[in-house]
Amino acid sequence: MPTIVPISVSAYVADPMHIFAGPNDVWMVDYTSGLNQITTPGLVQSQINGISDQQAACYGPDGNIWVTSAFSTGRIAKIQTASPHTITYYTGIPSKQGICVGPDGNIWTVYGNTIRANNTSGAILISTVAPGSSSLRRICVGPDGNMWACDADNGNIYKITLAGVVTVMALLGGNAYDICTGPDGNLWVANLSQHSVWQVAPAGGGTEFPLAGRGGTSAPWGICKGPDGNLWVADYGAEIWSVTPAGVGTYYETAALGQSYPNAICLGGDGNLYASDAYGTGISINKVWQVLFVKGGMSHGKHRMH
């Protein structure tokens, strides 16, 4: 069982939005202060600022960091990881939400009802619309080699081929806030308003697994595949969940209710998980939660079976 420990990043962070992994580090995306590098031993190493209103980010195949920004009508930025961290903006790509690298080596982004792919020179290769969508939030590579995206307003799940053909694969309802490929070869979705996660087959259709933590509810914001063969969920209700592919959930308290808001989670290159926390005052101010598997042990564990 894992140990969950806090990493203080109060010197840098004001408004965490997203967290993603690099080869030897993780980076927290902060809406206000920029990007904050956390070395895998759990120490904040450096900060890159000057971007403005950043939402999500990923490592590109070119070794740079690619970021979506809500500045003005939206834009993406390419940032060199080496000092002086030169920033190149692409204002012709108005993407304010999710971003990831596709199996084609291109940068895929979502915003509103539009899905775009650009190469590492910033040229737009694909721009396509998801039918019935108004608020695409996250995008990932699916187990079938296609791109998959979720809508935060209506819960629709979309498959996008690398040629840009879009198909609605599931109508979940609620607010689908994050999506990832699971260890079982299915897609998994964190659904905020339904207090649940969904398993979505590549062929379409979904199975819902409610998550009832303290107070009998939950608020799933982020989801990723863990090193243990389970799914891991960042719960805005002061909990981090482990969910087996069979839908059995176990929650771990990060703090008292109302004093911790985990909102994104990723698997680091060191085999541990990292979750950002958006809480602004008190015990969890400006924290990253490190879920340790490498060192073993357990803390804060509360079990809830489904």
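Values in this text are rule-based calculations from the coordinates and carry no lab data. Keep in mind that what you see is a predicted model, and the values were worked out from it rather than measured. Cβ atoms come from the backbone with ideal geometry, glycine included; neighbour counts cover every protein chain shown.
Legend: ranking of residues Arg75, Arg138 from fewest to most surrounding C-beta atoms inside 10 Å; resulting order Arg75, Arg138. Placing unit charges on each Cβ (+1 for Lys and Arg, -1 for Asp and Glu) gives the chain a dipole about its Cα centre, and among Val291, Tyr252, Ala170 the Cα reaching farthest toward its positive end belongs to Ala170. Stretched out straight at 0.36 nm per residue, the stretch from Ser134 to Asp228 would grow longer than its current Cα-Cα span by 30.3 nm. Once C-alpha pairs closer than 8 Å and six or more residues apart are averaged by separation and normalised to the residue number of the chain, the relative contact order reads 16 percent. Net charge dipole, the chain: roughly 120 debye, given to the nearest 20, about the Cα centre with Cβ charges of +1 for Lys and Arg and -1 for Asp and Glu. Its alpha carbons give region 95-161 an Rg and a Dmax of 10.8, 33 Å. Straight-line reach from Lys78: which aspartates and glutamates fall under 13 Å, measuring Cα to Cα and dropping same-chain residues less than 8 apart? Leaving aside aspartates and glutamates fewer than 8 places away in the same chain, those within reach of Lys78 are Asp62.
Counted residue by residue at 0.36 nm each, then reduced by the alpha carbon distance between them, the extension gain from Val248 to Thr39 reaches 72.1 nm. When all alpha carbon pairs of region 152-228 are counted in 5 Å bins from zero, the resulting P(r) reads 3, 17, 25, 25, 17, 8, 3, 1, 0, 0 %. For the pair Ala201 and Ala82 in one chain, pulling the backbone fully straight at 0.36 nm per residue adds 38.8 nm over the alpha carbon distance. Per residue, the average separation of C-alpha pairs within less than 8 Å and at least 6 apart gives region 82-160 a relative contact order of 22 percent.
Binning all Cα-Cα separations of the chain at 10 Å, short to long from zero, yields these whole-percent fractions: 7, 30, 37, 22, 4. Here's the picture: a label point sits 7 Å out from the Cα of Leu162 along the beta-carbon direction, and within region 89-108 the residues with their amide nitrogen under 14 Å of it are 101-108. In terms of overall dimensions, the C-alpha atoms belonging to region 31-183 reach 43, 33, 29 Å along their principal axes, ordered largest to smallest. A straight Cα-to-Cα reach below 17 Å connects Lys287 with the aspartates and glutamates Asp15, Asp25, Asp30, Asp235, Glu239, Glu253, Asp277, residues fewer than 8 places away in its own chain not being considered.
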